[in-house]
Amino acid sequence: MSKSTVLTLVGSLRAGSTNQQLAEAIQLNAPEQVDVVIHESLGNIPFYNEDIDVEGQVPAAAAALRAAANDADTILLVTPEHNGTVPASLKNAIDWLSRPFGAGALAGKPTAVVGTAFGQFGGVWAQDEARKAVGIAGAKVLEDVKLAVPGSMVRFAELHPKDDAEVVDQIKAIFAPLTAAQPAA
């Protein structure tokens, strides 16, 4: 059986981000048949502008993101909550992946959203907004994949999510619906 690839996009650009740590914990707890790839360059992608989205002239960072998404079996967004919604870096990535309209890298791609945030609900507003955006962009939104870890700044102040047994159990639970949604090879 060949490995499936889950491209993971982290919405936080901050060094020491709890969402980056959550993505790392997801990567560490992936089943043997799943390769979780964390895309590292969302901060290098210019804001989407149709004037620069021209064949042969697409900025390298945006082209690399599109190529990675095209090569992936599934997309996993890991998002904090910025002012009750998705951070600009992640929304920008969604915008790049949504084009060309109707045929972008997200078209029909199984996509899930998880994350952690400081508030008591773990960033569910941002997760809902991200699901809405990728759904409009044409992704197959995996509504049954849920993971929202509240109180991130306190909970993970001295503990990496990979060392939090409750979080690890929740992480392991997301892989069944993620892999079930992938097209048969």
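The values are calculated or read from the model by the stated rules, or taken from the named source; none is laboratory data. Keep in mind the model is a prediction, meaning the values are calculated, not measured. Don't worry about glycine lacking a Cβ; one is built from the backbone with ideal geometry, like all the others, and counts go over all protein chains shown.
Things worth noting here:
- Where a residue in region 103-125 is farther than 18 Å from GLU24 by Cβ and its partner, wherever it lies, is modelled with pLDDT under 90, with Cβ under 8 Å and at least six apart: PRO110/LEU178; PRO110/ALA181; PRO110/GLN182; PHE118/MET153
- Top-ranked residue in region 1-58 [being of a type in the set (A, V, I, L, M, F, W, C) and more than 16 Å from the chain's Cα centre (by Cα); ranked as farthest from PRO183 (Cα to Cα)]: ALA15
- The residue list GLU143, GLU166, GLU129 contains one member that is touching a residue at least 12 places away in the same chain (Cβ under 8 Å), assigned to a helix (DSSP H, G or I) and of a type in the set (Asp, Glu), which is GLU129.
- Subset of region 83-95 that is touching a residue at least 60 places away in the same chain (Cβ under 8 Å) and over 11 Å from VAL134 (Cβ atoms) - its residue that is surrounded by the most Cβ atoms within 10 Å (Cβ to Cβ): PRO87
- Yes/no for GLU81 being acidic (Asp, Glu) and closer than 22 Å to THR179 by Cα: no
- Contacts under 8 angstrom Cβ, first residue in region 54-70 being at positive phi, partner β-branched (Val, Ile, Thr) and in a helix (DSSP H, G or I), 6 or more apart: none
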